[in-house]
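Trainee: My questions all concern the structure below.
The values are calculated or read from the model by the stated rules, or taken from the named source; none is laboratory data. Remember, predicted model here, so these are calculated numbers, not experimental data. So basically every Cβ, Gly included, is an ideal-geometry build from the backbone, and we count neighbours across all protein chains shown. Accessible surface is based on the protein model in full, side chains and every heavy atom, while ligands, DNA and RNA are left aside. Shrake-Rupley method; radii C 1.70, N 1.55, O 1.52, S 1.80 Å.
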Amino acid sequence: MVTVTEKIKVKSFSVTFDGEPALKNVNFSVKEKEILGIIGPANSGKTTFLRTLNRLNDLNPRYQHSGELLIDGKDIYQKWDLFELRKKIGMVFALPTPLPISIFDNLAYGPRRHGIGNRRQLREIVERSLKSAFLWDEVKDRLNESAMKLSGGQQQRLCIARTIALEPEVILFDEPCSGLDPISTAKIEEAMQEFKKRYTLVLVTNNTKQAARVSDRVAFFLMGELVEIDQTQKIFTVPKDKRTEGYVSGRYG
Amino acid sequence: MRFLNPKVEEKIVFLSLFLSTLVIVAPVILVIGIIVSRGLSVISWQFLTTMPRMGMRAGGIFPAIVGTVYLVGGTLLFALPVGIFSAIYLSEYSKRNWLTRLIELAIVNLAGVPSVVYGLFGLGLFVVFLRLGASILAGSLTLAVMVLPVIITASREALQSVPKSFREVSYSLGATRWQTIRHAVLPHALPGILTGTVLSISRAAGETAPILFTVAAFYLPRLPNSIFDQAMALPYHLYVLSTQVPNVRIELQYGTALVLVGLIVITNLFAAVIRSYFRVRKQW
Ligand SMILES: Nc1ncnc2c1ncn2[C@@H]1O[C@H](COP(=O)(O)OP(=O)(O)OP(=O)(O)O)[C@@H](O)[C@H]1O
Ligand SMILES: [Mg+2]
């Protein structure tokens, strides 16, 4: 049997905001270079989990956690340098979040903060990242225009490219297609299949069909609990838990 | 019960809003109109660039203009960095607890303290205690202390109006706190900070009370030599012309007022230009 490395390991992890539980004793792991889909109704703790992984939740004074979260076997709170962690763990938010600066500067934002100042080097990074997000052809002639002028779908691919620019190892997507048309969605899903060769992906989605199309495995969250995690096909055909079955067949949630 | 039909209601609302605006705008136009019509005749290159003569009853107001410009510059020099830094501290670094709330409350209230109180404070602290004497330095510091609460409040508002998502994007790309402030927050707050600062300082330029005991010279037939020198200043000069010197031509007083108002209008226009320049580019 081949052993697949565990990129992310979650051990009895719980989260509370002001004492209100948002994640309850969650245990699972994400394998290297897989796409893990996370599905579940509103308030099930999906976003909370993603924002914990790159420690964005640390910014919230009401956030508290217990348990362990390991990336590459190292506890994110004990062993990782915060800024190195966030560089390695990219995040794409639900709404497109371009900064109101040029397309080029958006892409170069991360690399610049990590000490890359050389214009030629930056140009290479920008081109490479835009290409991997399938955006290069649409914007190559207007890199100096404001990123705010792009369409919503283009902005979201820009944000993906901006994450890629840092050469992360894990990319977290929080409902990246929730506001997008089917064509933009298809482009992003296509990009994800490419990314899978290089990165580990965690995709939170409200669209169970998308989870079914894209993911290798799917985790179903409900009210802060991990109900079930399994191969995508199993989750959608022979789920072990009644609640999973109810959710994926669209009976509630 | 409804006794107005919506169209009549609409007209009444429109009319009352319009009239209120008029009530505010009319006096301003009137005041400026009077100042311009009575003061314009004395405005000349000579009036702006020569020393006063004959006990200030003739000649120009050059030293008063220079003094005011120095004071505004000095105020800006002290107030802008301190104001921006403390606004950044309060809005980006400090934790929200009773102490920061108290500081915020204090700042809001300081903005309402009468300017003469600042004048006396400046006299006590800078002129007497720190032995700066009545000087441009002491006057600028006093004005800076007076405008600081306004600058801090305006800057904090500008910083807080920068969307949270900018910060999150920056952090999620592995930026440190200072990098985030420097590259994702400050550039987008700067127009607001600058407008607030320029407006508050142009107001300070017209104040008499804070400079009265700290810098203003009744009459100084030369330009100040250093920041430890006293200086004439437009608002105080206007006060002197109007109340302290007998037999001054009324046009001279209005001319001085016109220069003062003109300077303030120019600075405010400058603030408006900054604002509109950035509004075109601000798109969130
Ligand atoms: N910043 C926060 N402050 C306080 N409570 C929060 C915060 N973020 C999330 N929560 C709480 O955590 C719980 C889980 O929210 P979360 O956003 O993780 O759900 P979700 O599964 O992403 O839902 P959705 O599908 O609507 O995005 C909710 O009860 C929410 O109130
Ligand atoms: Mg969510």
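Trainee: Using a 1.4 Å probe and counting only protein heavy atoms, arrange B:L19, A:L201 so the residue with the most accessible area comes first.
Mentor: Correct descending sequence by accessible area is B:L19, A:L201.
Trainee: What do you get for GluC sites (Glu not before Pro) in segment A:110-197 restricted to DSSP loop and a cutoff of at most 15 other Cβ within 10 Å of the site's Cβ?
Mentor: A:E145
Trainee: Are there trypsin sites (Lys or Arg not before Pro) in segment B:1-61 that DSSP marks as loop and that have at most 12 other Cβ atoms within 10 Å, and which are they?
Mentor: Here the trypsin sites (Lys or Arg not before Pro) that fit, given the DSSP loop and packing criteria, are B:R2.
Trainee: Quick one: the Cα spread of segment A:1-155 along its three principal axes, in angstroms, biggest first?
Mentor: Ordered largest first, segment A:1-155 gives principal extents of 50, 39, 29 Å.
Trainee: Here's a follow-up. Report the B-A buried area as the accessible area lost on both sides summed, probe 1.4 Å, in Å² to the nearest 100.
Mentor: Using a 1.4 Å probe on protein heavy atoms, the buried area is about 1800 Å².
Trainee: List, by residue number, every residue in segment A:106-125 with a reduction of 30 Å² or greater in accessible area between the chain on its own and the complete protein assembly, 1.4 Å probe.
Mentor: SASA drop of 30 Å² or more in segment A:106-125: A:Y109, A:R113.
Trainee: Calculate one ³J(HN,Hα) per residue across segment B:132-140 by plugging θ = phi - 60° into the Karplus curve 6.51 cos²θ - 1.76 cosθ + 1.60, and present them in order as whole Hz with x for glycine and proline.
Mentor: Karplus values, whole Hz, x for Gly and Pro: 7, x, 6, 8, 4, 4, 4, x, 5.
Trainee: Does segment B:129-178 classify as rounded, prolate or oblate by the C-alpha gyration tensor (a ≥ b ≥ c root eigenvalues; a/c under 1.5 gives rounded; else a/b over b/c gives prolate, otherwise oblate)?
Mentor: It comes out prolate by the Cα gyration axes.
Trainee: Carbon and sulfur atoms: what percent of the 1.4 Å accessible area of the protein assembly as shown do they account for?
Mentor: Of the solvent-accessible surface of the protein assembly as shown, carbon and sulfur hold 61 percent.
Trainee: Sticking with this one: Which residues' amide hydrogens lie under 5 Å from the amide hydrogen of B:A217, considering only partners 5 or more residues apart or on another chain, with H built in the peptide plane?
Mentor: B:A231, B:M232, B:A233
Trainee: Same structure, new question: So what is the 222 nm mean residue ellipticity for chain B from helices alone, if each DSSP H run of at least 4 adds -39500 (n - 2.57) and you divide by all residues, rounding to the nearest 500 deg cm²/dmol?
Mentor: Taken over chain B, the calculation gives -22500 deg cm²/dmol.
Trainee: So how exposed is A:D75, as accessible area in Å² (1.4 Å probe, rounded to 10)?
Mentor: Number for this one is 20 Å².
Trainee: Please check which bits of segment B:12-32 a label hung off B:L4 would reach, taking the label as a point 7 Å along Cα-to-C-beta and the cut-off as backbone N under 12 Å.
Mentor: B:12-17, by backbone N distance to the label point.
Trainee: Comparing the chain by itself with all protein chains present, which residues of segment A:68-97 are at least 30 Å² less accessible (probe 1.4 Å)?
Mentor: So the qualifying set is A:F83, A:R86, A:F93, A:T97.
Trainee: R0 = 25 Å: FRET efficiency of B:R249 with B:V69, Cβ-based, nearest 0.05?
Mentor: Step by step, r from the Cβ atoms, then E = 0.50.
Trainee: Follow-up question, since we're still on this one. Given H placed 1.01 Å from N in the peptide plane, which residues other than close sequence neighbours of A:V227 have an amide H under 5 Å from its amide H?
Mentor: A:F220, A:F221, A:L222
Trainee: Rounded to the nearest whole Å³, what is the per residue volume of the convex hull around the Cα atoms of segment B:147-284?
Mentor: Measuring per residue, one finds 138 Å³ for the Cα hull of segment B:147-284.
Trainee: Next question, about the same structure. Between segment A:25-41 and segment B:158-191, what is the separation of their alpha carbon centroids in Å?
Mentor: Each part reduced to its Cα centre gives a spacing of 30 Å.
Trainee: A further question follows. In the full protein assembly as shown, how much of B:I12 is accessible to a 1.4 Å probe, in Å² to the nearest 10?
Mentor: Here the accessible area works out near 90 Å².
Trainee: A follow-up question, please. When you take every Cα atom in segment A:96-221, what is the radius of gyration, and what is Dmax, the widest Cα pair distance, in Å?
Mentor: Just the Cα atoms of segment A:96-221 yield Rg and Dmax of 14.5, 45 Å.
Trainee: Right, here's the next one. So what is the 222 nm mean residue ellipticity for chain A from helices alone, if each DSSP H run of at least 4 adds -39500 (n - 2.57) and you divide by all residues, rounding to the nearest 500 deg cm²/dmol?
Mentor: -10000 deg cm²/dmol
Trainee: What list of ³J(HN,Hα) couplings, whole Hz, do you get for segment A:157-168 from phi and the Karplus terms 6.51, -1.76, 1.60, once you set θ to phi - 60° and write x for glycine and proline?
Mentor: 5, 4, 5, 5, 4, 5, 5, 4, 4, 8, 6, x
Trainee: Accessible area per residue, 1.4 Å probe, Å², for chain B: what's the number?
Mentor: 54 Å²
Trainee: Shifting gears a bit: Quick one: Cα convex hull volume of segment B:43-281, Å³ per residue?
Mentor: 136 Å³
Trainee: To continue, here is another question. Taking a temperature of 4 °C and a viscosity of 1.567 mPa s, what whole-number D in µm²/s does Stokes-Einstein yield for the protein assembly as shown with Rh from Kirkwood over alpha carbon pairs?
Mentor: Translational diffusion coefficient: 46 µm²/s.
Trainee: Report ³J(HN,Hα) in whole Hz for each residue of segment A:50-57, in order, from the Karplus equation J = 6.51 cos²θ - 1.76 cosθ + 1.60 where θ = phi - 60°; Gly and Pro get x.
Mentor: 4, 5, 6, 4, 9, 6, 5, 5
Trainee: For A:G37, enumerate residues with amide H under 5 Å from its amide H, sequence gap 5+ or separate chain, H modeled in the peptide plane.
Mentor: Counting only residues 5 or more places away or on other chains, the set is A:L203, A:D216, A:R217, A:V218, A:A219.
Trainee: For segment A:80-171, state which trypsin sites (Lys or Arg not before Pro) are in a DSSP loop and have at most 14 other beta carbons lying within 10 Å of their beta carbon.
Mentor: Counting only loop positions with at most 14 other Cβ atoms within 10 Å, the trypsin sites (Lys or Arg not before Pro) in segment A:80-171 are A:K140, A:R142.
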